[in-house]
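To start, the structure itself, in structure tokens.
The values are calculated or read from the model by the stated rules, or taken from the named source; none is laboratory data. Only a predicted model underlies this, so the values are computations on that prediction, with no experimental measurement involved. Here the Cβ positions follow ideal geometry from the backbone for every residue, glycine too, while neighbour counts run over all protein chains shown.
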């Protein structure tokens, strides 16, 4: 469920902190955003937004300047989707404890409804994987589908749960499959849950046949998932956090200067 949609309106965007989506996008793009709000699609990629040539030198400076056009774009999209979280605008890419390589896990942030990302610079080495719970159910045979949706006892002394939750025909990944990332003990304020780590631990210690079938299928799906895209300058991605888990393989950024590491702005939207 990924859409590539190109910017179709004027490059002129007034420097106001609140913009209507009509000021930013064509009707066809707004219609796709509406489909995402209704739960018909899980994530939406809008390409071709014109990025300013005279941006401040670091992402921190960009975040601090309300009048920057790019802040207005990402805030306006987030406000259309709901209420912007108290965190405000952040930079989405985290680096390892040595500050050298981008390190991620298979994760989502279920405490929020949506995440919105805006890429300000190209980095051809990046890859982003987005796995959809809705697609996973759609593409599974009936036996596997039942295993993923059935409530099973995966964890000793905990109530049964399903790996994929069904809410009136819309599917999401269970809160229960995420585990605190090992990196969270090393990097201050890091919020990066780890689904694969939790699933592999369950697989190791729970030998119930039905549990093994469901867990093994989801692990294989994650490990063999190959569909990805590379963020390019002017890309705006909206992700439904409940129905999507994402991953970016470790890579060495093209350029690393202090304060110049993270050029994807992000905003979280509350439930």
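How about region 103-128: which of its residues are at pLDDT below 85 and either within 15 Å of the chain's Cα centre (by Cα) or under 19 Å from residue 227 (Cα atoms) (or both)?
103, 104, 123, 124, 125, 126
Of the residues examined, residue 88 is not one that is at positive phi, more than 19 Å from the chain's Cα centre (by Cα) and surrounded by fewer than 20 Cβ atoms within 10 Å (Cβ to Cβ).
Residue count for region 226-241 under the criterion of being modelled with pLDDT under 95 and assigned to a loop (DSSP other than H, G, I, E, B): the result is 8. Scanning region 202-215 for residues being without any contact (Cβ under 8 Å) to a residue 60 or more places away in the chain and exposed (fewer than 15 other Cβ atoms within 10 Å of the Cβ) gives a total of 6. If you go through region 139-163 and pick out every residue that is touching a helix residue (DSSP H, G or I) at 6+ places or on another chain (Cβ under 6 Å) and in contact (Cβ under 8 Å) with a residue 40 or more places away in the chain, you end up with 6.
In summary, helices (runs of 4 or more DSSP H) completely within region 1-100 and bearing 2 or more residues that are modelled with pLDDT under 75 occur at 59-64. Of all residue pairs spaced 6 or more apart or on separate chains, those with beta-carbon atoms under 8 Å, a first member in region 188-201 that is part of a loop (DSSP other than H, G, I, E, B) and a second member that is at pLDDT 80 or above are 191/109; 192/105; 192/107; 193/105; 193/107; 193/108; 193/109; 193/178.
Is it true that some residue in region 51-61 is surrounded by 19 or more Cβ atoms within 10 Å (Cβ to Cβ) and within 30 Å of residue 169 (Cα to Cα)?
No, that holds for no residue.
Within region 115-138, the presence of at least one residue that is in contact with a helix residue (DSSP H, G or I) (Cβ under 6 Å, 6 or more places away or on another chain), touching a residue at least 60 places away in the same chain (Cβ under 8 Å), under 30 Å from residue 55 (Cα atoms) and not in a loop (DSSP other than H, G, I, E, B) is confirmed.
Selection of region 207-225 for residues being farther than 30 Å from residue 118 by Cβ and part of a loop (DSSP other than H, G, I, E, B) yields 207, 208.
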